[in-house]
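Below you'll find the structure, written out as structure tokens, and then a few comments.
The values are calculated or read from the model by the stated rules, or taken from the named source; none is laboratory data. All of these numbers come straight from a predicted model, not from anything done at the bench. Because the Cβ atoms are built from the backbone with ideal geometry, glycine has one as well, and the counts that use them run over all protein chains shown. The protein model used for the area step is the full one, side chains on, heavy atoms only, and it has no ligands, DNA or RNA in it. Shrake-Rupley method; radii C 1.70, N 1.55, O 1.52, S 1.80 Å.
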Amino acid sequence: ACPSKLGGGLKGSAMSMAIRVRDAFHHVDSQPYYAVDGVQTLIVPTIDDQHLPDADVVIATGVQTASWVRDLSPKNGAKAYFLQHVETFIDSGAIETWRYPMANITIAKWIKKRVEEEGESVIGVVPNAIDPNEFFLERSIEERGQRVIALYHRQEVKGPDVLVAALHGLKARLPELEADVFCARPPSHKMPPWVNVHIRPTGRTLRALYNQAAIVWSTSSSEGWGLVTMEAAACGCAVIASENDGIQEYLVDGESARLVEPGNADALVNATLDVLNDSQARKRLAQAGMLAVQQFSWAESTAAFERFLVDNLL
């Protein structure tokens with residue numbers, strides 16, 4: 001279920017209106033990000049007993065929804081909290097939400113460790129995965145030119161300044177460079193005119209973009225998991241990324257990825273030049289990345305998630 005307001009009352013209404021105005025200005029729709037076939041999406045005025053159906057389990061999926069789920073009545077189901085990051089960059093009080101009377105489940109072992117360091121328990125870890133029918137190799141690794149792709153996000157933790165600086169720096173040393181950047185809304189940073197910017201590409205378009213690129217960048221200083229690099233690796237991109245716990249949950253520096261100091265655009269550029277100038281090294285890196293992401297499947301992760309809920313809450 002998705003709330004039509006971010007919180008209740010006038011503050012929530014004002015925020016909701018501001019988002020609608022922003023989306024209209026950017027010419028993007030306001031459909032739920034995660035609407036998928038086979039899953040019913042409910043748009044409700046507020047997250048409360050009146051508007052939510054009875055259920056066996058209700059799950060908070062982020063710090064923004066944790067207090068809403070905490071305050072629901074038992075008829076809405078046993079309460080779980082699916083932790084996908086240490087979300088202090090969103091809410092300084094995020095760690096306190098781990099102490100709510102909900103069963104904690106995480107997407108990564110490093111998050112589980114952090115929760116346990118705070119004295120709280122985790123009933124299970126459910127790794128991320130990708131749909132192999134959506135992201136897969138369509139173009140041979142050897143055929144790709146000097147092209148990079150990256151996600152742009154204006155949030156500071158995602159490293160937008162690093163991304164723009166690295167694009168300029170690499171182009172100066174590699175005049176034939178081509179680049180694609182995709183994002184949910186038009187960038188608030190000024191992109192170089194030679195960069196192709198894609199707003200909310202479909203899954204099919206995104207797969208095609210990944211299959212054109214030799215390198216995928218991730219400039220995030222922190223990731224819960226790092227799903228973009230996982231998608232791109234499945235499509236044959238060599239991963240060059242800022243070192244963070246989420247990336248290291250499934251990729252190994254020097255084996256299936258090249259990891260550099262977070263915030264260091266020059267290091268990102270130098271690593272990219274090294275890889276692009278050695279076609280065999282790029283091929284080995286890309287192949288190792290593909291094998292790494294194939295170790296994770298939605299079938300196994302969803303089965304594990306259901307098992308944790310049944311064994312601990314039902």
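Scanning for something farther than 23 Å from Asn244 by Cα, among the small types (Gly, Ala, Ser), in contact (Cβ under 8 Å) with a residue 40 or more places away in the chain and surrounded by 13 or more Cβ atoms within 10 Å (Cβ to Cβ), does region 281-302 turn up at least one residue? Scanning region 281-302, I find no residue that is farther than 23 Å from Asn244 by Cα, among the small types (Gly, Ala, Ser), in contact (Cβ under 8 Å) with a residue 40 or more places away in the chain and surrounded by 13 or more Cβ atoms within 10 Å (Cβ to Cβ), so the answer is no. Per the conditions (1) open to solvent by 60 Å² or more (accessible area, probe 1.4 Å); (2) modelled with pLDDT of 95 or more; (3) part of a loop (DSSP other than H, G, I, E, B), the sole criterion not satisfied by Pro132 is (2).
Taken over region 258-273, the criterion of being farther than 18 Å from Ala233 by Cβ and over 22 Å from the mean Cα position of the chain (by Cα) is satisfied by Asp266, Ala267, Val269, Asn270, Leu273. Any residue in region 154-183 that's closer than 18 Å to Glu243 by Cβ: show its pairings with residues that are of a type in the set (S, T, N, Q) and open to solvent by 50 Å² or more (accessible area, probe 1.4 Å) at Cβ separation under 7 Å, as long as the two are six or more apart or on different chains. Matching pairs, first to second residue: Val157/Ser221; Gly159/Ser221. Kindly indicate whether Glu138 is touching a residue at least 12 places away in the same chain (Cβ under 8 Å) and out of contact with any Leu (no Cβ under 6 Å at 6 or more places or on another chain). For Glu138, the condition - touching a residue at least 12 places away in the same chain (Cβ under 8 Å) and out of contact with any Leu (no Cβ under 6 Å at 6 or more places or on another chain) - is met. Within region 136-147, is even one residue in contact with a Pro (Cβ under 7 Å, 6 or more places away or on another chain) and among the hydroxyl-bearing types (Ser, Thr, Tyr)? No: region 136-147 contains no residue that is in contact with a Pro (Cβ under 7 Å, 6 or more places away or on another chain) and among the hydroxyl-bearing types (Ser, Thr, Tyr). Checking each residue in region 46-101 for being closer than 21 Å to Ser220 by Cα, of a type in the set (A, V, I, L, M) and in a loop (DSSP other than H, G, I, E, B) picks out Val86, Ile90. Of the strands (runs of 3 or more DSSP E) lying entirely inside region 165-279, those containing at least 3 residues that are open to solvent by less than 40 Å² (accessible area, probe 1.4 Å) span 178-183, 215-218, 238-242.
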